[in-house]
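What follows is a single structure, written as structure tokens, with notes after it.
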Amino acid sequence: NAGVTQTPKFQVLKTGQSMTLQCAQDMNHEYMSWYRQDPGMGLRLIHYSVGAGITDQGEVPNGYNVSRSTTEDFPLRLLSAAPSQTSVYFCASSYSTGGSEQYFGPGTRLTVT
Amino acid sequence: DAKTTQPNSMESNEEEPVHLPCNHSTISGTDYIHWYRQLPSQGPEYVIHGLTSNVNNRMASLAIAEDRKSSTLILHRATLRDAAVYYCILRDLLWAGTYKYIFGTGTRLKVLA
């Protein structure tokens with residue numbers, strides 16, 4: 001199993017550009033989520049999905065869109081990048097949202113200039 | 001949202017036990033207590049979780065107070081590889097059977113050689 005994979009590892013965008021951060025898991029997990037981590041801070045939940053076709057907002061959803069067309073993939077779209085979105089982005093998945101373990105990807109470091 | 005409170009930082013000598021405390025006075029009866037850790041430049045990794053009884057696994061032990069308002073993560077013999085930020089997390093009920101995880105800022109553990 002590859003676990004949770006994220007691409008790209010690093011990205012630099014100019015203000016106003018759009019892009020998609022990719023996240024995939026091969027563990028047949030129903031629950032997937034996106035977090036951002038700013039320097040010296042904990043993780044904040046952006047969006048999450050409890051299964052294919054079902055997504056919802058987390059704590060900090062503004063400026064981001066998600067979709068979940070398959071169990072495996074959960075891309076995060078930045079519609080119009082802003083410097084405030086400079087952060088490290090982590091994708092995670094788990095079998096369920098109950099008492100189960102979350103598996104995290106290695107992260108994407110995004111800089112918006 | 002259910003909240004946790006942890007010390008910002010702690011130090012330990014190598015090969016000694018470490019007790020990382022967490023307060024969660026607003027915990028509800030069905031909330032699991034999760035611990036994750038984040039090594040430098042990596043995504044968080046699962047450590048342990050529990051509901052009411054103390055739990056042990058190969059990485060650590062989790063001691064849960066009888067009233068469940070606090071818990072302690074115990075690393076039995078700290079090594080330099082255990083230097084990380086440790087997060088104590090509760091899950092928030094979204095709707096029946098579905099939860100989200102709220103990370104705080106965690107405790108930065110420094111292990112001294």
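The values are calculated or read from the model by the stated rules, or taken from the named source; none is laboratory data. For clarity, every value in this text was computed on a predicted model and none was experimentally measured. Neighbour counts run over all protein chains shown; Cβ positions are idealised from the backbone, glycine included.
Summed over region B:93-113, residues that are surrounded by fewer than 17 Cβ atoms within 10 Å (Cβ to Cβ), modelled with pLDDT under 95 and at negative phi total 6.
Residue-level analysis places B:Arg91 among those that are under 13 Å from the mean Cα position of the chain (by Cα) and not acidic (Asp, Glu). Inside region B:60-71, residues that are closer than 16 Å to B:Ile89 by Cβ and surrounded by fewer than 17 Cβ atoms within 10 Å (Cβ to Cβ) make up a count of 1.
Would you mind stating whether B:Asp67 is away from chain A (no Cβ under 14 Å), among the acidic types (Asp, Glu) and free of Cβ contacts under 8 Å to residues at least 60 places away in the same chain? Yes, satisfied. Tell me, which residue of region A:84-113 that is of a type in the set (A, V, I, L, M, F, W, C) and within 8 Å of another protein chain (Cβ to nearest Cβ) is farthest from B:Ile48 (Cα to Cα)? It comes out as A:Phe90. Looking at A:Ala24, A:Ala52, just one residue is away from chain B (no Cβ under 14 Å), surrounded by 15 or more Cβ atoms within 10 Å (Cβ to Cβ) and without any contact (Cβ under 8 Å) to a residue 24 or more places away in the chain, and that residue is A:Ala52. Would you say B:Ser9 is within 14 Å of chain A (Cβ to nearest Cβ), loosely packed, with under 13 Cβ neighbours inside 10 Å and at pLDDT 95 or above? Yes: the conditions hold for B:Ser9.
Against the criterion of being within 12 Å of chain B (Cβ to nearest Cβ), touching a residue at least 24 places away in the same chain (Cβ under 8 Å) and surrounded by fewer than 18 Cβ atoms within 10 Å (Cβ to Cβ), A:Asp38 qualifies. Return yes when B:Ala78 is crowded, with 18+ Cβ neighbours inside 10 Å and either without any contact (Cβ under 8 Å) to a residue 12 or more places away in the chain or over 13 Å from the mean Cα position of the chain (by Cα) (or both) and no when it is not. Criteria met by B:Ala78. Within region A:56-77, being assigned to a strand (DSSP E or B) and surrounded by fewer than 19 Cβ atoms within 10 Å (Cβ to Cβ) holds for A:Asp56, A:Gln57, A:Asn65, A:Asp73, A:Arg77.
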